Amino acid sequence: QIKQAEQENRISNVPFVSNLRVDTWWDLGMGDATAIWFSQNIGKEIRFIDYYEASGEGLNHYVKVLTDKKYIYNNHYAPFDIQVKEIGTGRSRKEVAKSLGIDFKIVSQLSIEDGIQAVRSIFNQCWFDREKCGRGLGALKEYHKDYDEDRKCFRDKPHHDWSSHGADAFRYFAVGFKEEIKQMVMPEGLPMMSEDPYYR
């Protein structure tokens, strides 16, 4: 599907539309990386305009990153486990984030396989900015299952490595989008990228 997106020029220069709000889709690492995809919806096109990833940082760091990007935000989405209260503080990361100005919406818990299928079913509607989403696209390309030589088949779960964070955040996007985001009305006079000769 990524090869098809390349062939269809859906991985290209995807402009940020200043009068449209931006949604963010998160995978929050506990002891490893946190990954964030930034998207805008125009008609049936889902445009990924940015991606950010870092390790070893608290939520206040990511709040600053979002503020510095100066996008106008719509909703922020995170997986269900953001609601789990931490033993040390008695507060969940959702509560901490809200105190910092981010009120997360929760993506339903689905199996990894169901989440991957959700990605497959929506990927042909997705456009990616090649430069700003470079690391996230790299994660999607590298996400894979290990092959079990003894059983001569692939293992049930994907291999966990650096690519897991960006891929998991994208999986949460696919699940959350299917659940909550309906087709949005395109602002008057704003062309679809699929109809613009520049992107074909």
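The values are calculated or read from the model by the stated rules, or taken from the named source; none is laboratory data. Every value quoted in this text rests on a predicted model; they were computed, and no experiment measured them. Cβ placement follows ideal geometry from the backbone for every residue including glycine, while neighbour counts extend to all protein chains displayed. Areas reflect the complete protein model, heavy atoms only, side chains present, ligands, DNA and RNA absent. Shrake-Rupley method; radii C 1.70, N 1.55, O 1.52, S 1.80 Å.
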- Tell me, which strands (runs of 3 or more DSSP E) lie completely within region 92-200 with 3 or more residues that are at pLDDT 75 or above? 104-107, 126-129
- Item | Residues (closer than 21 Å to Asp129 by Cα, more than 16 Å from the chain's Cα centre (by Cα) and assigned to a helix (DSSP H, G or I)) located in region 52-91 | Thr67, Asp68, Lys69
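Please specify each residue of region 14-33 satisfying the condition of being of a type in the set (S, T, N, Q) and modelled with pLDDT under 95. Let's see the steps before the verdict.
If we filter region 14-33 for residues that are of a type in the set (S, T, N, Q), which is where we start, we get 18-19, 24.
Passing the criteria: Ser18, Asn19.
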- Item | Pick from region 80-98, criterion free of Cβ contacts under 8 Å to residues at least 24 places away in the same chain and out of contact with any helix residue (DSSP H, G or I) (no Cβ under 9 Å at 6 or more places or on another chain), ranking: least open to solvent (accessible area, probe 1.4 Å) | Gly90
- Item | Candidates Ser99, Ser55, filtered to the one that is farther than 22 Å from Gly138 by Cα and of a type outside the set (D, E, K, R) | Ser99
- Query: Checking Trp26 against (1) more than 12 Å from the chain's Cα centre (by Cα); (2) surrounded by 18 or more Cβ atoms within 10 Å (Cβ to Cβ), which test does it fail?
  - Reply: (1)
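Hey, among Glu45, Glu6, which residue is more than 14 Å from the chain's Cα centre (by Cα) and without any contact (Cβ under 8 Å) to a residue 24 or more places away in the chain? Full working, then the answer.
Working: Glu45 fails: without any contact (Cβ under 8 Å) to a residue 24 or more places away in the chain.
Matching residue, one of Glu45, Glu6: Glu6.
Taking the options Tyr77, Tyr73, Tyr62, Tyr51, name whichever one is over 17 Å from Val119 (Cβ atoms), open to solvent by less than 30 Å² (accessible area, probe 1.4 Å) and among the aromatic types (Phe, Trp, Tyr).
Details: Tyr77 fails: over 17 Å from Val119 (Cβ atoms); Tyr73 fails: open to solvent by less than 30 Å² (accessible area, probe 1.4 Å); Tyr51 fails: over 17 Å from Val119 (Cβ atoms).
The match here is Tyr62.
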- Kindly provide the set of residues from region 103-121 that are small (Gly, Ala, Ser) and either farther than 10 Å from Phe80 by Cβ or exposed (fewer than 14 other Cβ atoms within 10 Å of the Cβ) (or both), ordered by number. Ser111, Gly115, Ala118, Ser121
